[in-house]
Amino acid sequence: MNKKKLYPMWFAALPLTLYIAFFLFPSLMGIFYSFTDWGSRTAVNGLHFVGLQNYFEIFTSHENYGQGIANTLRFTVISNIVKLVPALFLAIMLQEGLKGKGIYRTILYLPSILPFVIIGLIFRSVLNYQSGLLNAGLTAAGLGFLKQKWLSDLHVVWGSIFGVDAWRGIGYVMTIFLAGLNAIPHDYYEAAMIDGADFWQKLRYVTLPMMKGAVMINLVFGITYGLKVFDIVYVLTNGGPGHVTEVITTYSYQLYSSGRYGMSTALNTILLVITAAAGIAVVRVMSRRETEAA
Amino acid sequence: MKKKRIRFVLKTAVSLFLCSFVVLPFYMVFINSLKTRGEAARMSMALPAEWLWENYLIVIREGRLAQGFASSLCYALSSTSLGVLLSAMGAFVLSRRRTGFHNFLYYFILSGLFFPVNYVTLVRLFQWLHLTNTRLGIILVFTSAMIPFCVFTVYSFVQSVPVQMDEAAVIDGAGAVHLFFRIIFPLMKPTLITCFILQFMGVWSDFLTPLYLSSKSRLFPMTMAVYQFFGKNKSYWNYIFADIVLTCLPVVIVYLVGQRYIIGGLTTGAVKE
């Protein structure tokens, strides 16, 4: 059988071309432009190489871009913990011994299909200090002292973002965990029961080791989502109050809007390096898994 | 068995409690979308004093929603169809050939799962290619962005299709195109539908791409239209809520219809071990 004829390379060339042209090439261009003073006035003044000046500015300027980078990393770590841990227990709870679990799953998954812009707008209303649903609910429940200025208080605003993000994402993470749980043979739990294992021991020695695949998928999507986060921050706070909730992508958009393209691509390039590092780590683990399985 | 009963009641209570967190905001949005401006500003859960269904008509007119809907549909349908088809072709060939070079290409595409799109330089590239403010440009960007995920999903599916299928087809005299479109493609259908639904919803929800790449409001998809409307009418929560309902509706329908495919698709990879 002639593999070359049966599996022609032009099949693969089509998606590869698009992928390279509109995905990879702009990233590489970005690396190049990050060493220039590219901006809205370039058409008049010409393009000049400035070496590492953009990067220098990112890490030293009073604009606090460094804080934006730190916020991105922090968001990636915390948002994943806040979603993965509760979602795991939810999945275990929903897996059996419950009537109509299909309906619960459908409802809990629903937020993750909605556009971020919509979620942002809904929560601009829900978290409204004066009349929002959350504060009204707290007052009604006699918990009025917990009322907060959810989106304008420096100390709670990140909590609000994590909360809204979890509201959206937990159902998605849970669904993947449920699929993993369903693939675990029942005998394993029976064997563990006979050995007298309690809930935590079953979790530690049966469930988690058997769910490596599901955990991996959740981590891959969770990490890449976290590093690239934009919409939810942009719509909920637009980086504010002040610059407290600024992340790499929001700074990058601001710089783009104010015509400082070189700076904007420099920030993008930093994000590229961070995601590449995370990606290489994950792909390594994944390909090791595949050779193990073979 | 008493213990089992208690656990059942407890689980049901917890599940209902959690679901209420999802449902209540939707209820609040919907009920307030039918109120007057003053009533809606209070954002209460009470029924409207007067059911103002005409709020929806006003929003459709003022918020340019028909245009936004048409744009969203155009972007989502064309980029998803193109992206899924091309990814399926690519994944099929890469998964069958499997030399070192093809493996490299596979991981090369897969790396796109991680990388961020650089929109700033994309704007520049669009100027060179005369794609600035064109639907074609936006569609091509969406298409390219979904290729890594679709190739990833289809690739692992192709591995489960026995090579003997291909051999039998060759003996019957099939060529590459015939083999793929007549024999492999129908087998892939469930996987492709999954990719299609997930990516369709992804494009529908996307905000960043049109934010950078379209400066003309006639190109705005619904997400941009609703955000712009919000910016202009910040105190008209009744209209904003109506706008939210209308923007959600299409994705919610796609979700409810295609639900089993979504779950199926998310689980590829999750249950491989």
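The values are calculated or read from the model by the stated rules, or taken from the named source; none is laboratory data. All of these numbers come straight from a predicted model, not from anything done at the bench. Heads up, the Cβs are rebuilt from the backbone with ideal geometry, glycines too, and the neighbour counts pull from every protein chain shown.
Restricting attention to region A:85-106, which residues are surrounded by 19 or more Cβ atoms within 10 Å (Cβ to Cβ) and touching a residue at least 40 places away in the same chain (Cβ under 8 Å)? Outline the logic, then answer.
Start the filter on region A:85-106 by keeping residues that are surrounded by 19 or more Cβ atoms within 10 Å (Cβ to Cβ), which leaves A:87-88, A:90-91, A:93-94, A:104-105.
Passing the criteria: A:ALA87, A:LEU88, A:LEU90, A:ALA91, A:LEU94, A:ARG105.
Buried (at least 20 other Cβ atoms within 10 Å of the Cβ), under 24 Å from A:SER252 (Cα atoms) and more than 7 Å from chain A (Cβ to nearest Cβ) - does that describe any residue in region B:98-121?
The answer is yes, given that some residue of region B:98-121 is buried (at least 20 other Cβ atoms within 10 Å of the Cβ), under 24 Å from A:SER252 (Cα atoms) and more than 7 Å from chain A (Cβ to nearest Cβ).
Tell me whether region B:134-142 contains one or more residues that are among the polar types (S, T, N, Q) and out of contact with any Phe, Trp or Tyr (no Cβ under 9 Å at 6 or more places or on another chain). Steps first, answer last, please.
Residues of region B:134-142 among the polar types (S, T, N, Q): B:134.
After this cut, where a residue has to be out of contact with any Phe, Trp or Tyr (no Cβ under 9 Å at 6 or more places or on another chain) as well, the list is none.
No.
Among (1) modelled with pLDDT under 85; (2) under 11 Å from B:TYR239 (Cα atoms); (3) touching a Pro at 6+ places or on another chain (Cβ under 8 Å), where does B:LEU34 come up short?
(1)
Take region B:53-78 and flag every residue that is surrounded by fewer than 24 Cβ atoms within 10 Å (Cβ to Cβ) and within 30 Å of B:HIS178 (Cα to Cα).
B:CYS74, B:LEU77, B:SER78
Table: residues versus (1) more than 21 Å from A:VAL273 (Cβ to Cβ); (2) surrounded by 17 or more Cβ atoms within 10 Å (Cβ to Cβ); (3) within 7 Å of another protein chain (Cβ to nearest Cβ); (4) free of Cβ contacts under 8 Å to residues at least 60 places away in the same chain.
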| position | (1), (2), (3), (4) |
| --- | --- |
| A:LYS3 | yes, no, yes, yes |
| A:TRP10 | yes, no, no, yes |
| A:PHE23 | no, yes, yes, yes |
| A:LEU28 | no, no, no, yes |
| A:ILE31 | no, no, no, no |
| A:GLY39 | yes, yes, no, no |
| A:ASN54 | no, yes, no, no |
| A:ASN80 | no, yes, no, no |
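May I ask you to list the residues in region A:249-279 that are polar (S, T, N, Q), out of contact with any Lys or Arg (no Cβ under 9 Å at 6 or more places or on another chain) and either over 17 Å from B:THR209 (Cα atoms) or buried (at least 21 other Cβ atoms within 10 Å of the Cβ) (or both)?
Of everything in region A:249-279, those that are polar (S, T, N, Q), out of contact with any Lys or Arg (no Cβ under 9 Å at 6 or more places or on another chain) and either over 17 Å from B:THR209 (Cα atoms) or buried (at least 21 other Cβ atoms within 10 Å of the Cβ) (or both) turn out to be A:THR250, A:SER252, A:SER258, A:SER264, A:THR265, A:ASN268, A:THR269.
So if I check each of A:VAL206, A:VAL220, A:VAL282, A:VAL244, which one is hydrophobic (A, V, I, L, M, F, W, C), farther than 30 Å from A:GLY180 by Cα, out of contact with any Cys (no Cβ under 6 Å at 6 or more places or on another chain) and surrounded by fewer than 23 Cβ atoms within 10 Å (Cβ to Cβ)? Even if it seems obvious, please write down each step before you answer.
Values: A:VAL206 fails: farther than 30 Å from A:GLY180 by Cα; A:VAL220 fails: farther than 30 Å from A:GLY180 by Cα; A:VAL282 fails: farther than 30 Å from A:GLY180 by Cα.
Going through A:VAL206, A:VAL220, A:VAL282, A:VAL244 in turn, just one is hydrophobic (A, V, I, L, M, F, W, C), farther than 30 Å from A:GLY180 by Cα, out of contact with any Cys (no Cβ under 6 Å at 6 or more places or on another chain) and surrounded by fewer than 23 Cβ atoms within 10 Å (Cβ to Cβ): A:VAL244.
Within region A:130-166, take every residue that is of a type in the set (Phe, Trp, Tyr) and in contact with a helix residue (DSSP H, G or I) (Cβ under 6 Å, 6 or more places away or on another chain) and give me the one that is farthest from A:PHE230 (Cα to Cα). Give the derivation first.
Here is the first cut: in region A:130-166, the ones of a type in the set (Phe, Trp, Tyr) are A:145, A:150, A:158, A:162.
Filter once more, so that each one left must be in contact with a helix residue (DSSP H, G or I) (Cβ under 6 Å, 6 or more places away or on another chain): A:150, A:162.
Details: A:TRP150: 19, A:PHE162: 13 Å.
Across region A:130-166, the extreme among qualifying residues is A:TRP150.
Got a number for residues in region A:132-186 being over 16 Å from A:PRO111 (Cβ atoms), away from chain B (no Cβ under 14 Å), among the β-branched types (Val, Ile, Thr) and not in a loop (DSSP other than H, G, I, E, B)?
1
In region B:185-207, which residues are of a type in the set (A, V, I, L, M) and surrounded by fewer than 19 Cβ atoms within 10 Å (Cβ to Cβ)?
Initially, region B:185-207 is screened for residues of a type in the set (A, V, I, L, M), giving B:187-188, B:192-193, B:197-198, B:201, B:203.
Scanning region B:185-207 gives B:LEU187, B:ILE193.
In region B:1-52, which residues are of a type in the set (S, T, N, Q), surrounded by fewer than 17 Cβ atoms within 10 Å (Cβ to Cβ) and within 7 Å of another protein chain (Cβ to nearest Cβ)?
First, the residues of region B:1-52 that are of a type in the set (S, T, N, Q): B:12, B:15, B:20, B:32-33, B:36, B:44.
Adding the requirement that they be surrounded by fewer than 17 Cβ atoms within 10 Å (Cβ to Cβ) leaves B:12, B:20, B:36, B:44.
The answer is B:THR12, and nothing else.
Mind listing whichever residues of region B:105-128 are part of a helix (DSSP H, G or I) and free of Cβ contacts under 8 Å to residues at least 24 places away in the same chain? Steps first, please.
Restricting attention to region B:105-128, the residues satisfying the condition of being part of a helix (DSSP H, G or I) are B:105-113, B:119-128.
Listed by number, the residues that qualify are B:LEU105, B:TYR107, B:PHE108, B:THR121, B:ARG124, B:LEU125, B:GLN127, B:TRP128.
Between a residue in region B:129-146 that is at positive phi and any residue that is small (Gly, Ala, Ser), which pairs come within a Cβ distance under 8 Å, given they are 6 or more apart or on different chains?
What qualifies is B:ASN133/B:SER214; B:ASN133/B:SER215.
What tally of residues in region A:227-280 results from selecting those that are assigned to a helix (DSSP H, G or I), under 20 Å from A:SER61 (Cβ atoms) and among the hydroxyl-bearing types (Ser, Thr, Tyr)?
Step one: list which residues in region A:227-280 are assigned to a helix (DSSP H, G or I), which gives A:227, A:231-236, A:248-257, A:261-280.
Subset that is under 20 Å from A:SER61 (Cβ atoms): A:248-257, A:261-271, A:273-274.
Next, from what is left, pick out any that are among the hydroxyl-bearing types (Ser, Thr, Tyr): A:249-253, A:256-257, A:261, A:264-265, A:269.
Final tally of qualifying residues: 11.
Read through the list (1) of a type in the set (Lys, Arg); (2) within 30 Å of B:GLY175 (Cα to Cα); (3) at pLDDT 90 or above, then give the number of the only condition that A:ARG74 fails.
With respect to (1) of a type in the set (Lys, Arg); (2) within 30 Å of B:GLY175 (Cα to Cα); (3) at pLDDT 90 or above, A:ARG74 is out only on (2).
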